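A short write-up of the structure that comes next.
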Amino acid sequence: MTMIYKESMIWTGISKLGSLKLTPVILALVGIGAAISYRNEGTTTWAMALPLFLVALNILAAVLTNKKFHRNKPLLIFHLALIAVVVLVALGRLTYLRGHVELTEGEEFSSQLAEVEKGPWHWGNLNLVSFANEGFTVQYSSGVKVKKIENSIRWRDEEGKEQQGVIGGLVPLKLHGYKFYPSANKGFAPTFIWRPKKGGSPMLGSVHLPSYPMHEYRQALAWTPPASETNLWIMLQFDEVILDPAQPSLFRAPRNYQLIVRSGEQRWQLKPGESVTLPDGVLEFEGLRNWMGYSMVYDFTLPWILAAAMLAVGSMAAYFWSKFTSRPWDK
Amino acid sequence: MTAGLELQALWAALVLYVLAGSTAIFGVVLRRKPERMVLAFLIIGLVLHTITIGLRWERVGHGPYINMYEMLLSNIWSLILIYSIAYWRLPAIRATAALVMPIIFMLMGWLLMSNPYDGNEPNTYHTIWMFIHIGFAKVFLGTVLVAVGISGIILLRQGRFSGGRFARMPDDKKLDELSFRLMAIGLIFESLMLITGAIWAQDALGRYWNWDPLETWAFLTWIFVAFSLHLRLAYKTTPRTSSYMIIVVFVLAFLTFFGVPFVTPAPHQGIG
Ligand code: HEM
């Protein structure tokens, strides 16, 4: 007796939670939540998360208690697909990774180089990724607008085989669930050979000057050679116009350039192949290479969100189709 | 040469649209039904408008979707196209032309004031998803426009001006049903617009949704459509309230389409 009474209480509770009268209120909260997170630049996740949780709760309770859902399968599928989208988006937020990595021509990717931001449950393995930047071209149309990015790369595929190819634009490198997109954030990389005074093998290293052409007039940087104590300031100098706003052009290293190197009061001008002797070693300027900035993303939920969203639209269309064709609007 | 022909065809099309609208308004005021004439003006205008868009596309090398001028040029075209189809298929609501055409006139005025520079296509635009996305968006706005015309009739009928002018049209309940069927169709296309837009953003920018101004406004519009459908179902709103909701949807969609790109430069052009 009391059991049945309790059950019916719970049932009444669920059907109240699933009331269609609540739905517009909750949908209004979603709208308000979106506006709040927009005004606060997305820092207020709860303003979206809470109403969306209520949407899911409202739909689930309605699915259990509203007879309309039992009679009408497309309507049921539509609302379940809607919950699936919400859940998948949330899962994506918890497991995503996005980041940025800069690689000099000839340099190999390593997960230490990357700056990343990721969800608390990220379960990919960035350490398995192996690829190298083999050089790139960026074409500009007049007005210095990026037209096409083509980046040659070499990578080890998931079976461990060496592969070669070109990525850029809408074609990223896809490896172990990660995607790498070469970007318009790229620049020049003076490359050096450093011979420490205490002996040991010479080291090859490069410095990424600020992005070009974004920081066209700031092609300088403070830098300390590896395993050295000498603080340097280096600046790239050249006179050529690389990207001419008046016509289509191609990003490339200048043909004639020199490197200004300063340490304290001392100042040198280096051409490729020249070197300077510093207190703790010899720095040889090998020449100029380019560096490419890649944006990286990982989100396994994408195809599933797409599938759920398509299912939602498809079933919504089916629902309306049968509803409208069963009765003309003016009858 | 082509620029000349392009402009002439455009002017001719705009004049025909003005004729269609004025004829429709006079029809309502004078209680006449010059419906075939209105439809003829619309269709000939559309043909000329199509020629303009084609010539311009050929000349500048990209479709009309980059700057404000081009967006207005192509949206006036799609709105007239969808409205003409509704006008042709739904004789009962032809009087709505007197309300719908003035909305289009506004867009036409804006078109004439905006700068028709050729523009450059950002590299994120080289994808089929963009065309699909834009196509769905245009159908969405078009269906909402037709619904707004119907809502306008429902609201006007209650005022003094109407003087029984719309009395021969179906009653409010039926018009309300029709306008919400259009909202339903609109919601399907709007959802498809959001999905394809997300696919495009994912491909081009590596993120499917970023709450940029346009995305936020589009989402608010979408949620408001769902809200209206549910409010109408659960609270049995009157045709009058329903009509106001449809007008709000149109205003939101309108701001998303033309307001946001107008105030925030290039929110939709990606990393360019
Ligand atoms: C973003 C969220 C939602 C969207 C986009 C949405 C959309 C829709 C649509 C398009 C319909 C058909 C309306 C019509 O027949 O005119 C509908 C009906 C319905 N929705 Fe939702 N809905 C949402 C959320 C919910 C929630 C949270 C519930 C939970 C209670 C719910 C329950 C229902 C029910 C029971 C119907 C059938 C009403 C009827 O035709 O009598 N929906 N919904």
Inset, instruction - Could you check the simple spin-label distance between residue A:322 and residue B:32, using points 7 Å along Cα→Cβ, in nm with one decimal? - result: 4.9 nm
Inset, instruction - Just add up the charged neighbours of residue B:6: K/R +1, D/E -1, any other residue whose Cβ is under 13 Å from the Cβ of residue B:6. - result: -1
Inset, instruction - Compute the label zone of residue A:49 within the stretch A:63-85: residues whose backbone N is under 11 Å from the point 7 Å along Cα-to-Cβ. - result: none
Inset, instruction - List the lysines whose Cα lies under 27 Å from the Cα of residue A:197, skipping any in the same chain that are fewer than 8 positions away. - result: A:271
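Name the longest site-free stretch of chain B, where the excluded sites are trypsin sites (Lys or Arg not before Pro) in a DSSP loop with no more than 11 other beta-carbon atoms within 10 Å.
Longest run free of exposed loop sites: B:33-159.
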Inset, instruction - Would you mind ranking B:176, B:212, B:118 so that the residue whose beta carbon has the fewest other beta carbons within 10 Å leads the list? - result: B:118, B:212, B:176
Inset, instruction - Could you calculate the FRET efficiency of residue A:247 with residue A:162 from 1/(1 + (r/R0)^6), where r is the beta carbon distance between them and R0 is 45 Å, rounded to 0.05? - result: 0.70
Legend entry - Label-zone membership for the stretch A:166-204, site residue A:266, 7 angstrom Cα→C-beta point, backbone N under 18 Å: A:192-199
Inset, instruction - For the stretch A:212-223, just list the computed ³J(HN,Hα) in residue order, Karplus coefficients 6.51, -1.76 and 1.60, θ = phi - 60°, integers in Hz, with x standing in for Gly and Pro. - result: 10, x, 4, 10, 3, 9, 9, 8, 8, 6, 8, 7
Legend entry - Hydrodynamic radius (Kirkwood) for the stretch A:1-140, which is based on Cα pairs only, to one decimal in Å: 19.2 Å
Legend entry - Degrees, to the nearest 10: A:22-39 long Cα axis against longest axis of chain A: 20 degrees
Inset, instruction - Grab the eigenvalues of the alpha-carbon gyration tensor for chain A, scale each by 5, take roots, and send me the semi-axes largest first in whole angstrom. - result: 58, 23, 19
Inset, instruction - Could you line up A:239, A:157 from fewest to most neighbouring Cβ atoms inside 10 Å? - result: A:239, A:157
Legend entry - Loop-located chymotrypsin sites (Phe, Trp or Tyr not before Pro) in the stretch B:96-161 whose Cβ has at most 16 other Cβ within 10 Å (DSSP): B:117, B:161
Legend entry - Volume per residue of the C-alpha convex hull in the stretch A:178-331, rounded to whole Å³: 203 Å³
Inset, instruction - Taking 7 Å along the Cα-to-C-beta vector as the label spot, tell me the residue A:17-residue A:36 distance in nanometres, rounded to one decimal. - result: 2.1 nm
Inset, instruction - Would you list the P(r) distribution for chain B, with all Cα-Cα distances sorted into 5 Å bins from 0 and each bin expressed as a whole %? - result: 1, 6, 12, 16, 17, 16, 13, 9, 5, 3, 1, 0
Inset, instruction - Restricting things to alpha carbons, find the Rg to Rh ratio for the stretch A:281-328 using the Kirkwood radius for Rh. - result: 1.66
Legend entry - GluC sites (Glu not before Pro) within the stretch A:159-267, DSSP loop, no more than 13 other Cβ atoms inside 10 Å: A:159, A:216, A:229, A:240, A:265
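Step through the table entries B:138/B:173; A:16/A:67; A:21/A:68; A:118/A:145; A:73/A:331, compare each Cα-Cα distance with 23 Å, and write down the pairs that go over it.
B:138/B:173; A:118/A:145; A:73/A:331
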Inset, instruction - Treat the stretch A:56-103 as a sphere of radius equal to its Kirkwood radius over Cα pairs and apply Stokes-Einstein at 4 °C in a medium of 1.567 mPa s; give the translational diffusion coefficient in µm²/s, rounded to a whole number. - result: 101 µm²/s
Legend entry - 0 to 90° range, to nearest 10: angle between helix A:73-95 axis and chain A longest Cα axis: 30 degrees
Inset, instruction - Only loop residues by DSSP count here, and only those with at most 14 other Cβ atoms within 10 Å; note down the GluC sites (Glu not before Pro) in the stretch A:6-113 that meet that. - result: A:41
Legend entry - Theoretical FRET efficiency, 1/(1+(r/R0)^6), r = Cβ-Cβ of residue A:73 and residue A:277, R0 56 Å, to 0.05: 0.10
Legend entry - Distant-in-sequence amide H partners of residue A:289 (H built 1.01 Å from N, under 5 Å): A:189, A:191
Inset, instruction - Counting other beta carbons within 10 Å of each Cβ, put A:224, B:143, B:216 in order, fewest first. - result: A:224, B:216, B:143
Inset, instruction - Name the lysines eligible as straight-distance cross-link partners of residue A:161: C-alpha to C-alpha under 23 Å, and not fewer than 8 places from it in the same chain. - result: A:174, A:179
Legend entry - the protein assembly as shown: projected area of the alpha-carbon convex hull, averaged over directions, in nm²: 37.4 nm²
Legend entry - Estimated inter-spin distance, residue B:106 and residue B:8, nm [label 7 Å along Cα→Cβ]: 3.4 nm
Legend entry - Calculated diffusion of the stretch B:1-151, Stokes-Einstein form, Kirkwood radius summed over Cα pairs, 4 °C and 1.567 mPa s, µm²/s: 81 µm²/s
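Bear in mind these aren't lab numbers, they're just calculated from the coordinates by the rules spelled out. Just so you know, these numbers come straight off a predicted model, no measurement behind them. No Cβ is skipped: glycine too gets one built from the backbone with ideal geometry, and neighbour counts run over all protein chains shown.
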